[in-house]
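Working notes for the structure below.
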């Protein structure tokens, strides 16, 4: 099983950061590169369509400042058994840390190393978008 774990510190309180990113269906609000998601299955899943690619992600668990989701299939990503958590932690003194983690298998039965690079780029782009949104 492969894993991706990225963190980034922000000079904003955790509640403020979570107010921006905590809506499972609202990624487009902080990442201009993404279209609005379609809420499906009574709000327990989001459907992301970008060009010819569609990904369905299912909300698995919600915490105070976190949510965990799985992916029905990899869609455009070469993964299976994908599970990810996006969380905001209080870092004290009005600061916070975002942790974005995932685990998955390679779609082809391999070690998933190619997917690690892709998902790392996706998460880095997402963290950059969050940083930009918070500085606006």
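Read the figures in this text as sums done on the coordinates, not as results from a lab. Small disclaimer: the values here were computed from a predicted structure and weren't measured. We place every Cβ from the backbone using ideal geometry, glycine too, and count neighbours over all the protein chains shown.
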- prompt: At residue 120 and residue 7, where each label point lies 7 Å from the Cα along Cα→Cβ, what is the point-to-point distance in nanometres?
  reply: 1.7
query: Computed FRET efficiency, Cβ-Cβ of residue 38 and residue 95, R0 30 Å: what is it to the nearest 0.05?
result: 0.30
query: Counting alpha carbon pairs within less than 8 Å and at least 6 residues apart, what relative contact order, in whole percent, applies to segment 24-136?
result: 17
- prompt: When the helices in the chain are scored as -39500 (n - 2.57) per DSSP H run of 4 or longer and the sum is shared across all residues, what 222 nm value do you end up with, to the nearest 500 deg cm²/dmol?
  reply: -7500 deg cm²/dmol
field: Rg(Cα) / (2.2 N^0.38 Å) computed for the chain, rounded to two decimals
entry: 1.03
field: Principal axes of segment 61-136: Cα extent on each, largest first, Å
entry: 45, 25, 17
field: Helix 113-135 vs. the chain, principal-axis angle (Cα, 0 to 90°, nearest 10)
entry: 30
query: Looking only at segment 61-88, which residues have a backbone nitrogen under 20 Å from a spot 7 Å from the Cα of residue 111 in the C-beta direction?
result: 78-83
- request: Hey, could you get me the Stokes-Einstein D for segment 23-97, Kirkwood radius over alpha-carbon pairs, 10 °C and 1.306 mPa s, rounded to whole µm² s⁻¹?
  value: 117
- line: Residue separation between residue 60 and residue 19 times 0.36 nm, minus their alpha-carbon distance, gives in nm 12.8 nm
query: Using a Förster distance of 25 Å, how high is the FRET efficiency between residue 81 and residue 29, based on the Cβ-Cβ distance and rounded to 0.05?
result: 0.30
